[in-house]
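Reviewing the structure listed below.
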Amino acid sequence: MHDDNMDSDNPNNKVDISALPFSQACENNKQPILKVLQTELQGFNHVLEIGSGTGQHSVYFAPNLPEIQWQTSDVTGNHRHIIAWYNAYPAPNLYSPLAFDLAHDSVPVSRHLDNSHLNSSHVDKPYDVIFTANTLHIISWALVERLFALAGEALPVDGKLIIYGPFNEHGKYTSEGNQRFDAMLRAGNPDSGIRDKEDVVSLANAHYLQLSKTYAMPANNQLLVFHKR
């Protein structure tokens, strides 16, 4: 299930991968996402990942994006998973998770920049990129709205919001697989479900975020890149 080279990435070579929380979806999509990020993050410095989940993405992206400071975040209930991967595969530009609950929190301030740039005017808005993967179809639409509102407030002009996941096009599913997935999501939680791309773009525009690029991704997913105007 896991990449054969994962153990070789750790200098101690003693990580028991089977003991770590694991998402097959993260393992499947990490390389295609990284390829896009290596292009889209050129010239940027500090990423806030919202909804880091198991933490698998962060430990793969950070060492492959050495010029980027990668800050994980999630609700505190998921921190133990993220920290497990963080401890297994540490990187100098990867930071342990900040507590962030979309339901009531504001975008967190980086402990890293806060400690080292106490006199900086950028302390209150340290992130020039916000990244989130496989979240919009899990959370309620009200929380999707809040995510875009917070991103619109927190990002500087020309900052980026990058979102990965499945989306409908013109109110229709892009595949039978996505239709089945959506039915499964809604059966478990009626507030979840695959979002219509047009609704997401309209919401983004209301918060000064303009869709600049759409990447077709494997398994009928997309990666949307928004610029702060």
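The values are calculated or read from the model by the stated rules, or taken from the named source; none is laboratory data. Everything numeric in this text was worked out from a predicted model, so none of it was measured. Glycine also receives a Cβ, built like all others from the backbone with ideal geometry; neighbour counts cover every protein chain displayed. Surface accessibility is based on the protein's heavy atoms, side chains included, excluding ligands, DNA and RNA. Shrake-Rupley method; radii C 1.70, N 1.55, O 1.52, S 1.80 Å.
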| In the chain, what % of DSSP beta bridges are antiparallel (nearest 5)? | 45 percent
| What FRET efficiency, computed as 1/(1 + (r/R0)^6) with R0 = 41 Å and r the Cβ-Cβ distance, is obtained for THR214 and SER106, rounded to the nearest 0.05? | 0.90
| said: As an exercise, use a Förster radius of 25 Å and the Cβ-Cβ distance of ALA187 and TRP141 to find the FRET efficiency, rounded to the nearest 0.05. | reply: 0.90
| note | Distance in Å, no decimals, from the C-alpha centre of the range 74-105 to the one of the range 167-202 is 27 Å
| Largest to smallest accessible area among SER18, SER96, SER192 [probe 1.4 Å] | SER18, SER96, SER192
| query | Got the relative contact order for the chain handy, in percent, Cα pairs under 8 Å and 6 or more residues apart? | reply | 16 percent
| note | Between SER175 and ASN64, the two model label points (7 Å from Cα along the beta-carbon direction) sit apart by a distance in nm of 1.9 nm
| query | Nearest 20 debye, what's the magnitude of the dipole of the chain about its Cα centre given +1 on Lys and Arg Cβ and -1 on Asp and Glu Cβ? | reply | 220 debye
| field | Within the accessible area of the chain (1.4 Å probe), percent carbon and sulfur | value | 50 percent
| Got a sec? What order do TRP70, TRP141 fall in by accessible area at 1.4 Å, biggest, i.e. largest, first? | TRP141, TRP70
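Sort HIS207, HIS46, HIS104 from largest to smallest accessible area, using a 1.4 Å probe on the heavy atoms of the protein chains.
My answer, sorted largest first, is HIS104, HIS207, HIS46.
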| remark: Residue by residue through the range 180-194, the couplings from Karplus 6.51 cos²θ - 1.76 cosθ + 1.60 with θ = phi - 60°, in Hz, x for Gly and Pro, are 5, 4, 4, 4, 5, 4, 5, 5, x, 8, x, 7, 8, x, 5
| said: Filter LYS35/LYS213; LYS30/LYS172; LYS172/LYS228; LYS30/LYS160 down to the pairs with a C-alpha to C-alpha distance above 22 Å, please. | reply: LYS30/LYS172; LYS172/LYS228
| query | Just one of [x] 127; [y] 150; [z] 117 is volume of the Cα convex hull per residue in Å³ calculated from these coordinates, so which is it? | reply | [x]
